[in-house]
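What follows is one structure encoded as structure tokens, with my remarks underneath.
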Amino acid sequence: MPLPFPVFKPCPCGSGRSYGGCCGPRHTGERPAETPEALMRSRYAAYALRDTGYVRRTWHPDTCPPDLDLAGDDTRYTGLTVHRAQGEEVEFTATLVAGGRRQRLRERSTFTQVGGAWVYLDGVTP
Ligand SMILES: [Zn+2]
């Protein structure tokens, strides 16, 4: 089960908007992500909230790891910076604390559409 998160609190994706006005409606399916950047942000927030279901639903079936499960993950997601969003690509840096160590992960992600919905395909370190 994803962690419960109040709609009035700042969204974990760091947009500065409330969760209810940002990634919340994407996680519930009420308002699917319109762009790759919106999807990328909502996936970051889903990792922060341990929402395995959402991360899976928004991952291309060909590249999604079959054993993905965020339930026991104790990583803290501490920030997201989007450097560039163009076409099907989004380049970003995520900061997190895993196993007591601060990390910065920079990735250029590629997204594609399946049945009219954006999904994450794969990513490389630029
Ligand atoms: Zn958000």
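The values are calculated or read from the model by the stated rules, or taken from the named source; none is laboratory data. Since the model is a prediction, treat every value here as computed from it, not as a measurement. Cβ sites come from the backbone with ideal geometry, for glycine too, and all protein chains shown count toward neighbours. Surface accessibility is based on the protein's heavy atoms, side chains included, excluding ligands, DNA and RNA. Shrake-Rupley method; radii C 1.70, N 1.55, O 1.52, S 1.80 Å.
Counting only other residues whose beta carbon sits under 12 Å from that of G24, what net charge do I get with K and R as +1, D and E as -1?
Its environment carries a net charge of +3.
Per residue, how much accessible surface does the range 19-124 expose to a 1.4 Å probe? Answer in Å², no decimals.
52
Roughly to the nearest percent, how much of the accessible area of the range 19-124 is carbon and sulfur, given a 1.4 Å probe?
Answer for the range 19-124: carbon and sulfur cover 47 percent of the accessible area.
Tabulate in residue order the Karplus-calculated ³J(HN,Hα) for the range 115-126, using 6.51 cos²θ - 1.76 cosθ + 1.60 with θ = phi - 60°, rounded to whole Hz; enter x for Gly and Pro.
After applying 6.51 cos²θ - 1.76 cosθ + 1.60, I find x, x, 10, 5, 9, 6, 9, 6, x, 10, 8, x Hz.
Could you order T112, T125 so the one with the most accessible surface comes first? Probe is 1.4 Å.
Reading off the accessible areas and sorting them downward yields T125, T112.
How many Å³ per residue does the convex hull of the Cα positions in the chain occupy?
109
Which GluC sites (Glu not before Pro) in the range 5-94 sit in a loop by DSSP (not H, G, I, E or B) and have at most 10 other Cβ atoms within 10 Å of their own Cβ?
Within the range 5-94, the qualifying GluC sites (Glu not before Pro) (loop, at most 10 other Cβ atoms within 10 Å) are E30, E34.
Give a residue-ordered list of calculated ³J(HN,Hα) values for the range 43-49 (Karplus: 6.51 cos²θ - 1.76 cosθ + 1.60, θ = phi - 60°; whole Hz; x for Gly, Pro).
Once rounded to whole Hz, the list reads 6, 4, 4, 5, 4, 4, 9.
Taking the Cα centre of the range 19-124 as origin, sum charge times position over the Cβ atoms of Lys and Arg (+1) and Asp and Glu (-1), and report the length of that vector in debye to the nearest 20.
It works out to roughly 400 debye.
Please list V114, V82 in order of solvent-accessible area, largest first, computed with a 1.4 Å probe with all protein chains present.
In descending accessible area the options line up as V114, V82.
If you take the beta carbon distance between H83 and Q103 as r and set R0 to 22 Å, what does 1/(1 + (r/R0)^6) give as a FRET efficiency, to the nearest 0.05?
0.85
I want to verify a result. In a Gaussian network model of the chain, Cα cutoff 10 Å, which of these has the top mean-square fluctuation: L49, L68, L39?
Between L49, L68, L39, it is L68 that shows the largest mean-square fluctuation.
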